[in-house]
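Remarks on the structure that follows.
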Amino acid sequence: MYNGLLHLHSLMRWIILVLLVLAIVRHYKGMNQKLSYSASDRKIDLFLMISAHITLIIGLYQWFAGEFGFSKIRDMGFGEVMKNAPFRFFAVEHMFGMLLAITFITIGRGKGKPATAGAAEHKKAFGWLLVALIIILLTVPWPFREGIGRPWFPGMH
């Protein structure tokens with residue numbers, strides 16, 4: 001079960017990244033063209049938030065049940081985990097970065113909730129989502145990251 005959830009967690013990053021880039025582009029356009037929020041803007045933001053929260057739940061399960069999160073801190077001690085870059089990445093950096101990014105996605109989605117949301121709300125959502133994207137790009141274990149890299153797509157080595 002753990003391995004299947006790990007693959008699902010890895011696949012979900014692509015859904016989140018596609019929706020996040022799409023939302024950022026739409027908010028950039030809405031901000032610059034002074035558009036009001038459309039039903040499509042709200043749906044994309046909602047699907048983005050739902051995808052991020054589902055991925056968070058899977059990630060929390062992995063952090064508590066897997067070998068690289070809580071169990072590493074419990075077995076080695078927090079100080080020792082912090083001295084080991086790969087262990088630190090999965091036990092602390094990835095978790096903290098993704099919690100922050102998902103919080104920013106949720107805040108960005110909330111900016112478009114008012115019925116009167118317009119260009120100013122597009123600008124706020126754009127800012128929150130852009131920062132979330134940067135954090136995600138920095139804290140994903142991309143294949144080229146030595147010692148922590150995971151495959152581009154789960155099951156492919």
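The values are calculated or read from the model by the stated rules, or taken from the named source; none is laboratory data. Here the structure is a predicted model, which means the values were calculated and not measured. Using ideal geometry, Cβ is built from the backbone for each residue, glycine included, and neighbour counts are taken over all protein chains shown.
Overview of results
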read-out: Filter pass, Leu129 being under 28 Å from Asp41 (Cα atoms), buried (at least 17 other Cβ atoms within 10 Å of the Cβ) and in contact with a helix residue (DSSP H, G or I) (Cβ under 7 Å, 6 or more places away or on another chain); value: yes
read-out: Where Leu35 falls short, out of the listed (1) touching a helix residue (DSSP H, G or I) at 6+ places or on another chain (Cβ under 9 Å); (2) surrounded by fewer than 20 Cβ atoms within 10 Å (Cβ to Cβ); (3) assigned to a helix (DSSP H, G or I); value: (3)
read-out: In the stretch 101-126, residue surrounded by the fewest Cβ atoms within 10 Å (Cβ to Cβ) [restricted to those that are out of contact with any Pro (no Cβ under 9 Å at 6 or more places or on another chain) and among the charged types (D, E, K, R)]; value: Lys113
read-out: When residues of the stretch 38-50 are limited to those that are modelled with pLDDT under 95 and either aliphatic (A, V, I, L, M) or assigned to a loop (DSSP other than H, G, I, E, B) (or both), the one nearest to Ala125 (Cα to Cα); value: Ser38
read-out: Residues satisfying the stated conditions in the stretch 87-124, i.e. over 30 Å from Arg150 (Cα atoms), hydrophobic (A, V, I, L, M, F, W, C) and part of a helix (DSSP H, G or I); value: Ala119, Ala120
read-out: Lone unmet requirement of (1) more than 19 Å from His27 (Cβ to Cβ); (2) in contact (Cβ under 8 Å) with a residue 40 or more places away in the chain; (3) assigned to a helix (DSSP H, G or I) for Ile73; value: (2)
read-out: Some residue of the stretch 76-95 being within 12 Å of the chain's Cα centre (by Cα) and either surrounded by 20 or more Cβ atoms within 10 Å (Cβ to Cβ) or within 30 Å of His7 (Cα to Cα) (or both); value: yes
read-out: Condition check for Lys29: surrounded by fewer than 19 Cβ atoms within 10 Å (Cβ to Cβ), at pLDDT 95 or above and more than 20 Å from the chain's Cα centre (by Cα); value: yes
read-out: Inter-residue pairs, beta-carbon under 6 Å, first touching a residue at least 12 places away in the same chain (Cβ under 8 Å) and in the stretch 28-50, second buried (at least 19 other Cβ atoms within 10 Å of the Cβ) and among the charged types (D, E, K, R), 6+ apart; value: Asp41/Arg26; Asp45/Arg109; Met49/Arg109
read-out: The stretch 131-150 residues that are touching a residue at least 12 places away in the same chain (Cβ under 8 Å) and of a type in the set (Ser, Thr, Tyr), paired with ones that are assigned to a helix (DSSP H, G or I) and surrounded by 13 or more Cβ atoms within 10 Å (Cβ to Cβ) (beta carbon under 9 Å, 6 or more apart); value: Thr139/Phe89; Thr139/Glu93; Thr139/His94; Thr139/Met95; Thr139/Gly97; Thr139/Met98; Thr139/Leu100; Thr139/Ala101
read-out: Conditions (1) buried (at least 19 other Cβ atoms within 10 Å of the Cβ); (2) over 15 Å from Leu133 (Cα atoms): number failed by Met98; value: (2)
